[in-house]
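Right, one structure below, let's go through it.
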Amino acid sequence: MRINADFSQRVAVHFDDIPWVQSPAAGVERKMLDRIGEEVARATTIVRFAPGSSFSAHTHDGGEEYLVLDGVFQDETGDFPVGSYVRNPPTSRHAPAAADGAMILVKLHQFDPEDRQTVHIDTAEAQDPHLPLYSDPHEDVCLVNWAPGLEVSFTAEGGAELFVLEGGYQDGDENFGRWDWLRLPPGGQLDAKAGPDGARVWIKSGHLTEMVKN
């Protein structure tokens, strides 16, 4: 399976424009943003867990990174409410569930194979204009709060992904609102202007150069 698999191209996915697709687990549905592979895949996905749904225990050979968008996500290490940012590195294992339902943005099989750092950060109350979440030589992850009308321009030298959590922004003639996703290729340009309510945006950058080389 290949979805938005040309990483040399700008890609925008608007939450309301793509369907939910049933996963192999009962009560778990997905909106696929990009994907290379079948059930074991390099993937960026919005996943919705119905109340009481779960996945059986499994190992993340390529790592797992997620941000909780709604509800409470759970595994053996605890409960992760809205705003939780989590990195489970390669070789980690867990059995995720959502007793009362949850929705997450998740990225799979995108870690440095040698990465062994676990990260748990609660971002729910953070009002920082720029909140660092993770950084290494391969990537930088942060949460930004853009004031209403703020103009933001940058060149994504190593590529970038932007995911709107609240509010919205305009890039050129395209509007991005809650749970919309934009992927810029290496060298791609963002010329954004935050909307009247501002924008709260999760940004991951610097990590796509190898995808274009490959």
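The values are calculated or read from the model by the stated rules, or taken from the named source; none is laboratory data. Here the structure is a predicted model, which means the values were calculated and not measured. Don't worry about glycine lacking a Cβ; one is built from the backbone with ideal geometry, like all the others, and counts go over all protein chains shown. Accessible surface areas use protein heavy atoms only, side chains included; no ligands, DNA or RNA. Shrake-Rupley method; radii C 1.70, N 1.55, O 1.52, S 1.80 Å.
Within the stretch 29-84, being more than 12 Å from the chain's Cα centre (by Cα), among the aromatic types (Phe, Trp, Tyr) and assigned to a strand (DSSP E or B) holds for Phe49, Phe73, Phe80.
Mind listing whichever residues of the stretch 100-123 are small (Gly, Ala, Ser) and out of contact with any Pro (no Cβ under 7 Å at 6 or more places or on another chain)? Steps first, please.
First pass over the stretch 100-123, keeping only residues small (Gly, Ala, Ser): 101-102.
The answer is Ala102, and nothing else.
Right, Thr118: modelled with pLDDT of 90 or more, among the hydroxyl-bearing types (Ser, Thr, Tyr) and under 21 Å from Phe7 (Cβ atoms) or not?
Details: modelled with pLDDT of 90 or more: yes; among the hydroxyl-bearing types (Ser, Thr, Tyr): yes; under 21 Å from Phe7 (Cβ atoms): no.
Criteria not met by Thr118.
Within the stretch 166-202, the residues that satisfy the criterion of being open to solvent by 10 Å² or more (accessible area, probe 1.4 Å) and among the charged types (D, E, K, R) are Glu166, Asp171, Asp173, Glu174, Arg178, Asp180, Asp191, Lys193, Asp197, Arg200.
How many residues does the stretch 85-113 contain that are under 21 Å from Ala26 (Cα atoms), among the charged types (D, E, K, R) and not in a strand (DSSP E or B)? Spell out the reasoning first.
Keep residues of the stretch 85-113 that are under 21 Å from Ala26 (Cα atoms), which gives 93-108.
Subset that is among the charged types (D, E, K, R): 93, 100, 107.
Among the residues that remain, those that are also not in a strand (DSSP E or B) are: 100.
Number of matching residues: 1.
When the residues of the stretch 2-28 are filtered to those that are over 30 Å from Gly187 (Cβ atoms) and part of a strand (DSSP E or B), which remaining residue is least open to solvent (accessible area, probe 1.4 Å)?
Within the stretch 2-28, the first condition is being over 30 Å from Gly187 (Cβ atoms), and the residues that meet it are 19-28.
Subsequent filtering for residues that are part of a strand (DSSP E or B) retains 21-22, 28.
Working: Val21: 62, Gln22: 100, Val28: 0 Å².
Among those residues, the one meeting the criterion is Val28.
Tell me, please, whether a residue that is over 17 Å from Gly206 (Cα atoms) and open to solvent by 20 Å² or more (accessible area, probe 1.4 Å) can be found in the stretch 132-141. Within the stretch 132-141, none of the residues are over 17 Å from Gly206 (Cα atoms) and open to solvent by 20 Å² or more (accessible area, probe 1.4 Å). Taking the criterion of being under 17 Å from the mean Cα position of the chain (by Cα), under 20 Å from Ala199 (Cβ atoms) and loosely packed, with under 13 Cβ neighbours inside 10 Å, the only residue of the stretch 112-129 that qualifies is Ala124. Among what's in the stretch 193-214 and is under 19 Å from the mean Cα position of the chain (by Cα) and in a strand (DSSP E or B), pick the residue that is farthest from Val68 (Cα to Cα). Ranking the candidates gives Ser205 first.
Is the stretch 15-30 home to any residue that is of a type in the set (S, T, N, Q) and within 21 Å of Thr209 (Cα to Cα)? No, the conditions are met nowhere in the stretch 15-30.
Against the definition (in contact with a strand residue (DSSP E or B) (Cβ under 7 Å, 6 or more places away or on another chain), within 23 Å of Ile18 (Cβ to Cβ), touching a residue at least 12 places away in the same chain (Cβ under 8 Å) and acidic (Asp, Glu)), how does Asp70 come out, yes or no? Answer is yes for this residue. Those strands (runs of 3 or more DSSP E) of the stretch 115-164 in which at least 3 residues are touching a Leu at 6+ places or on another chain (Cβ under 6 Å), considering only elements entirely within it, cover 139-146. In the condition set (1) open to solvent by 60 Å² or more (accessible area, probe 1.4 Å); (2) over 15 Å from the mean Cα position of the chain (by Cα), His109 is compliant with all but (2).
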